[in-house]
Amino acid sequence: MPDPAAHQPLTPAVFHVLLALADGPLHGYAVMQRVEKESGIEMGPGTVYGSLNRLGELGWIEEVDDDSEDRRRRRSFRITREGRAGLEREVGRMVRLTGLARSRGFAGGEAR
Amino acid sequence: MNGVWLFLYRSALRLYPRRFREAYADLMRDDARDLLDEAGGDRRTRARSVRRLFLDLFRSLPREWLRALSPGAARRADTRPAVASGLRSDAAAAARSLSRHPRFALGVVALLGVGIAACTIVASVVSAYTLRPLPYPEPDRLVAVSPAVPVETGDVEDLFELAASWDLDVFTLLDADAPELVYGRWISPDYAELFGVRVESGRLFTGEEYAPGGPAVALISRGLWLRRYGGDPEVIGQRLSAFTSDRPDDAETFTIVGVVSEESWALRGYADFLTPLRADRTVYVGRLREGVPPGPAARALEDRAGPRPAWIPEDAEVELVSLQEQYTASLRPVLGVGLATVALVLLIACGNTAALLLVRAAGREREFTVRRALGAARGRIGRQLLLEGGFLSGVAALLGLGLAVLGLGAFRGALEAQLGIAVPGGVESLTVDGRALAVTLVIAAATGIVFGLVPLAGLLRTSEPGLREEARGSTIGGRSGRIQSAIVAGGVALSLTLMVPAALAVGSARNVANLELGFEPTDIYRSGMLLRRASYPEVEDRAAFFERVAERVRAVPGVTSVGMGPVPMDDGAPRVVEPEPGPDARGLRVETRVYVHDAGWLETISTPLLAGRGFLPGDTPAAEGVALVSRELGARLWPGDDPVGKRLRVTDMPGAGGDPSDRPWLRVVGVVPGIRGGVSDSTRFAIHRPLGQAAGVWTNVLVRGQPGLGSPLEEIREAVGELDPTVATAETGWLTTAIDDARRPARFLATLLAGFALVALALAVLGLYAVLSFAAARRTREVAIRMAIGARGGQVARAFLYRGLALVAAGLLVGVVGAVLLGRGVETQLHGVELGVPVFALCAAALVLVGAAAAWIPARRASRHDPMRILRAE
């Protein structure tokens, strides 16, 4: 069992993929669309499946049987408990970082 | 268009590590398709999708490989921000690294660029001729009947939707200051529809006009309309007097019913005058009915055909050949050779690019090791390598594309002229072909990227940075050494493959340039003239007219001699002659040319009479038929015997049946040197017949003037016009120009092949030199130790030389096979050269010499080092 702490910080790609799955299972193409819609980042299939592959190896996501009516065989992925915990930790890290930055007077463009 | 991108993307998916590919490649392909489909027809969205897909490949490929090869490193890479943040700085690093070695970068770009350009141009030409359909309606169903056995359109209506027949003819147009000769066609009713002939004003012929006894009507070309009528819009309905020499009808008055539009590609400048064909409707080209297969249709047509004319052999099987195939048949060998040649050049360019990248990468191991030791991620180094390779390929691709566009734009007219066949759809359509470009670019890009990545693999094998170890340098060998050796040997092999045909082509071009013609073409002006058969029905009439022309032109000041007859270097249709059987009758039949000329012709072209007599005024139809034979033909028909006094006769066209026994025997009265009947004529078999006994309706006046005499065309026209104002002169010009034209194709092929062979040789030498000099540099330390323990400089240098020569020898062995294959292909296009041991020996010797030089220089440098200094430096 790899030490979860070793996986911090996550790469932006992995983070976005994980975040996209937080609401429920999605297949790869849907992940790609969702990330684009929510954050404007245009990921390609290589990045999406690379990230999914890595997250799968970590046990943070798992494949689910897809019973959608889609003609095509698609594979959907679901976030696991470890995944949620990891995402939680990552967000916590970000919040701490943001707090640190704010304390130095950076507000990220919001009104000072 | 999406199909092409998807194809490229799917091909690129193969580049992922196997496990990843097996797990995700299908999904990625489907997603890529969705992404492209989503864009629909919107170009900008599609461009964005394409960029997204390929940028993603660029980013995720090295990461997946990194993970596959070194899981530990990958885990660390995961924890580093690596999606996009470092890309710009890596690109900058790659650019810096390349700009530090501008000669290397320029070399690679030039190499690949030239290869890409050459390949793209030739592939575009091939595609324009063979892949693009002929610009006719329903081009896929158009077939030519070959050979054209006589069958009437009415008999094949179940096979063909449309069946066209036509007769090529030459028309003499009157009604102007001077009669003008134009090429024209008699066309059958389906012709216009089948070939998509359209008018820009007026109308096509009506069914009634095709009926026997219909009115004399004509369509004229846009060119003729502009030339003769100054583009007069009132031309429709005007009358035009014209006659053809061989139709018995006297001068006809045609009513112009339309002007043919220039889009009617079937006519493209070869036909200025069209008129309805009312008889002899033998089908030449047909449009097959939907679902009718050509094979069975050909059998059916054969069964219904009438008796074959003498010139179609009885046993020849009738085929329905795709019109496109028939159109490009004569071009295929040339295009094949061209394609093979540029493919080889691209291969050498890619190979040498690979060699240069490998050599350079190996030389940078120390740089990478240092950077690793300083904490650089392997991913970063890999990405930089990839960016360098991609950058080089990208610039080379741009250069190649630019060169191809410029080259095709500048030379497409010349290319078309050299190939001698019009580009389907017009020369403007000879542009850079997207498919050709895509294939070439993928090859070039793969070279840059794959070989750019090779050092990365080496880097990953060493688990931890071993600065001390690496810094010592290593001896050449191992995998990268073997790859380099293979590339050098391959380069030599490809060079030989190209050099041998090139040497043959150059030899052939020299042969053609120095052809011993059997006559002297300088300072001879020629002009053809065509008589109306109705006005000159008998041979005597025609001969008398031609002699009167000769007399008048002879009187022009500055003219030294005048002859009436053919242009000597014309590939006329060959005839078959047989000698009168002697006691030992052998039934010998020989294919020869027939020259019909007057007494002055031989003198004018400076061909001497070797034996017997020339033609005399008494050689008339009433007298015994006489002939001169070429020395070569005489020796063939009567070996070891004097031909003068023997008899022979012309039987017919080759392969024909029929009974030749009613043809008259001709007495041989003289012998002349063989005249070359064309670039490819190696036999020089010819008989000469007097104009007085065999004059046709067409002949030339050949005028030899004092050097510096201007064109005597005006005088010729005047002489002809005074004698008969309906006789047109045509095909006028200096004989030397005509002969240069005949020689041009040989020169073109030679220049092309020689140019590519030189490029190939230069590339091979460059590769050899780069690898060997690199090897020498890498082995400095080894050399120093050897010399420190007593080896002499000469010994060390020899060791390097042998290594270089071993590579050359290995390459030569392989190259022989390629050279034989390509050589066979070009041999048919060449004259007076053969693919034999001498040419191989010559090319191999040249490669060995150049290879030895490329090996010797770095070897000398290595052996001159002061061993102590090197060892201390280490």
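Note: the protein assembly as shown, Cα convex hull, 270 Å³ per residue. Dividing the helix sum by the residues of chain B, where each DSSP H run of 4 or more adds -39500 (n - 2.57), gives a mean residue ellipticity at 222 nm of -17500 deg cm²/dmol. For region B:600-606, putting each phi into the Karplus relation 6.51 cos²θ - 1.76 cosθ + 1.60 with θ = phi - 60° gives couplings of x, 4, 4, 5, 5, 8, 6 Hz, in residue order, rounded to whole numbers and with x for Gly and Pro. Under the convention that each Lys and Arg Cβ holds +1 and each Asp and Glu Cβ holds -1, the size of the dipole of region B:516-624 around its Cα centre is about 340 debye.
In the protein assembly as shown, taking the dipole from charged Cβ atoms about the Cα centre, the farthest positive-side position among B:Ala750, B:Leu588, A:Val31 is held by A:Val31.
The calculated FRET efficiency for the pair B:Val820 and B:Glu580, based on their C-beta separation and a Förster distance of 51 Å, comes to about 0.65. Computed from Cα positions, the angle between helix B:478-513 and the longest principal axis of chain B comes to roughly 20 degrees.
With the simple model of a label 7 Å out from the Cα in the direction of the Cβ, B:Thr736 to A:Ile41 spans 7.6 nm. With the cut-off at under 16 Å, measuring from each backbone N in region A:20-45 to a point 7 Å along the Cα-to-Cβ line of A:Arg84 picks out A:20-26. Against chain B, whose longest principal axis comes from its Cα atoms, helix B:735-778 is set at around 10 degrees.
Each label was represented as a point 7 Å from its Cα along the Cα-to-Cβ direction; for B:Val442 and A:Ala101 these points are 4.3 nm apart. Given their separation in residues at 0.36 nm each and the Cα-Cα distance between them, B:Ala91 and B:Glu22 gain 21.8 nm when the chain is fully extended.
Quarter the surface of the alpha carbon convex hull of chain B and you get the mean projected area, 48.5 square nanometres. A full extension of the chain between B:Glu782 and B:Arg554 corresponds to an added length of 73.5 nm, given 0.36 nm per residue minus the alpha carbon distance. Mean partner shielding of peptide A:23-31, defined as the number of other chain Cβ atoms within 10 Å of each residue Cβ, is 2. Per-residue extension of 0.36 nm, minus the Cα-Cα distance of B:Arg299 and B:Leu610, leaves a gain of 106.6 nm for this segment. For a Förster distance of 41 Å, can you work out the FRET efficiency between the beta-carbons of B:Glu234 and B:Leu406, rounded to the nearest 0.05? E between B:Glu234 and B:Leu406, to the nearest 0.05, is 0.40.
For B:Thr255 and B:Glu538, a Förster radius of 35 Å and the Cβ-Cβ distance give a FRET efficiency of 0.60, rounded to the nearest 0.05.
In the protein assembly as shown, a dipole from Cβ-located charges (positive for Lys and Arg, negative for Asp and Glu) runs towards its positive end, and of B:Gly696, B:Val850, B:Val292 it is B:Val850 whose Cα lies farthest in that direction. In chain B, the longest principal axis of the Cα atoms and the axis of helix B:43-69 are about 50 degrees apart. Take the Cα of B:Arg289, step 7 Å toward its Cβ, do the same at B:Tyr270, and the gap between the two points is 3.0 nm.
As a length-normalised measure over Cα pairs under 8 Å and 6 or more apart, the relative contact order of chain B settles at 16 percent.
Taking Cα centre as origin and charging only the Cβ of basic (Lys, Arg, +1) and acidic (Asp, Glu, -1) residues, the dipole magnitude of chain B rounds to 8660 debye. Computed from point charges on the beta carbon alone (+1 for Lys and Arg, -1 for Asp and Glu), the dipole magnitude for the protein assembly as shown about its Cα centre is near 8820 Debye.
FYI, it's all coordinate maths here, none of it is from the lab. Note that the structure is a prediction, hence the values are computed from the model and not measured. Using ideal geometry, Cβ is built from the backbone for each residue, glycine included, and neighbour counts are taken over all protein chains shown.
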